[in-house]
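Colleague: Structure below; questions to follow.
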Amino acid sequence: MCTDNELREKIKHLYIRRLQSDIPGMVNKTILTKEFDLTIEQQKVYNKLWQEYLDAQDEDKAIESENYRQLVEGGIVRQYLAKEMTKHTIEEVDEIIEYGEKVIVFCTYKDEMEIFKKYYGNKCVIHNGEMTTKQKDKSVNEFMNNPKVMVFIGQIISASVGLTLTIANKLIFNSYSWVAADNLQAQDRIYRITQTRDVTCQYNLFTDSISQDMFEKVMRKELIMNETIKSENEK
């Protein structure tokens, strides 16, 4: 297996990379994490789900259902944490829109998106993979041009590529992807050449949970990618 340095040497002649930081006029981007503690009751539920997840790892049998697959892959644990995080994210979003600023919330699961949609009603739009292209375009247009629409609720895979949402300069991950590139693409919906204000991207995490543990691993993946693929000036 190649080390990072060896891999970088092997591929350096195959690509030209232009970083956003190399583009004149790009604003600053700040990445934040905000950590929350589970309540006693939440911790009990989490511990139960976590034990079921660990037990599923030890079972030697074929995956028989979608629920079982989700259990084996940790999806049920992640989905629970995402739903429990919505309360904290809503508090953060309320504070932002109270000052008349728009904000983007990225989610992984449908259930968490529905919670935000129910809470914000006509003040928000959603963007997920079940929508048609026309519906998705309408959500983007409403967020960018309707002063009454303050919150964009995007599912990471659906809304992380190809959209310009620079009417906002604040973005919150209620939950995040375990693929580093997905999160980076999501951040770039507000971190674009047409953005005129410094941007802030915040990850909300639960302490002492898979939420916090995997975030550190995902950030490590991003670091490895950045170290492996150097900019043209660094070759």
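Readers should treat all values here as calculations from the given coordinates under stated rules, not as data from a laboratory. Predicted model, so just to flag it, every value in this text is computed and none were measured. Counting neighbours? That spans all protein chains shown, and the Cβs are built from the backbone with ideal geometry, glycine included.
Colleague: Please work out the FRET efficiency for the pair ASN145 and GLU101, using the Cβ-Cβ distance as r and a Förster radius of 22 Å; give the result to the nearest 0.05. Please list the in-between numbers first.
Modeller: Values: r = 16 Å, r/R0 = 0.72.
So the FRET efficiency works out to roughly 0.90.
Colleague: Also, I was wondering about something else. Compute the length gained on full extension between GLU114 and LEU184: take 0.36 nm times their separation in residues and subtract their Cα-Cα distance, giving the result in nm to one decimal. Present the calculation step by step, with values, prior to reporting the outcome.
Modeller: Values: separation 70, 0.36 × 70 = 25.20 nm, distance 2.38 nm.
Roughly 22.8 nm would be gained on extension.
Colleague: Pairs to check: LYS48/LYS102; LYS44/LYS138; LYS110/LYS170. Give those whose C-alpha atoms are more than 32 Å from each other in this structure.
Modeller: Table pairs above 32 Å Cα-Cα are LYS48/LYS102; LYS44/LYS138.
Colleague: Next question, about the same structure. Amide H to amide H, which residues 5 or more places from PHE173 or on other chains are under 5 Å from it, using H placed in the peptide plane?
Modeller: Amide H neighbours of PHE173: PHE106, GLN202, TYR203, ASN204.
Colleague: Multiplying the sequence separation of LYS217 and LYS134 by 0.36 nm and subtracting their Cα-Cα distance, what value in nm do you get?
Modeller: Numbers: separation 83, 0.36 × 83 = 29.88 nm, distance 3.65 nm.
Fully extending the segment from LYS217 to LYS134 adds 26.2 nm.
Colleague: Once label points are set 7 Å from the Cα along Cα→Cβ at both ILE40 and LYS87, what is their separation, rounded to one decimal in nm?
Modeller: About 1.4 nm, to one decimal.
Colleague: Give me a comma-separated list of calculated 3J(HN,Hα) values for the stretch 176-192, in order, Karplus coefficients 6.51, -1.76, 1.60 applied at θ = phi - 60°, integers in Hz, x for any Gly or Pro.
Modeller: Once rounded to whole Hz, the list reads 9, 7, 7, 9, 4, 4, 4, 5, 5, 4, 4, 4, 6, 5, 10, 9, 10.
Colleague: Okay, next question. Give me a comma-separated list of calculated 3J(HN,Hα) values for the stretch 128-141, in order, Karplus coefficients 6.51, -1.76, 1.60 applied at θ = phi - 60°, integers in Hz, x for any Gly or Pro.
Modeller: Values, residue by residue: 9, x, 7, 7, 6, 4, 5, 5, 5, 4, 5, 4, 5, 4 Hz.
Colleague: Another question, if that's okay. Given the options PHE116, PRO147, MET85, identify the residue whose Cα lies farthest towards the positive end of the charge dipole of the stretch 72-180 (+1 on Cβ of Lys, Arg; -1 on Cβ of Asp, Glu).
Modeller: PRO147
Colleague: Apply the Karplus curve 6.51 cos²θ - 1.76 cosθ + 1.60, θ = phi - 60°, to the phi angles in the stretch 154-165 and return the couplings in whole Hz, x for Gly and Pro.
Modeller: For the stretch 154-165, the Karplus curve yields x, 7, 3, 5, 6, 10, 8, 10, x, 9, 10, 10 Hz.
Colleague: Counting only residues 5 or more places away or on other chains, whose amide H sits under 5 Å from the amide H of LEU38 once H atoms are built in the peptide plane?
Modeller: Placed amide hydrogens put THR207 under 5 Å from LEU38.
Colleague: Projecting each Cα onto the charge dipole of the stretch 96-189 (Lys/Arg +1, Asp/Glu -1 at the beta carbon, about the Cα centre), which of ILE157, THR132, SER175 comes out farthest on the positive side?
Modeller: Among ILE157, THR132, SER175, the one farthest towards the positive end of the dipole of the stretch 96-189 is THR132.
Colleague: So if R0 is 22 Å, what FRET efficiency would MET26 and THR207 give, r being the distance between their Cβ atoms, rounded to the nearest 0.05? Don't skip to the answer; put the middle values down first.
Modeller: Numbers: r = 33 Å, r/R0 = 1.50.
The pair MET26/THR207 has a calculated efficiency of 0.10.
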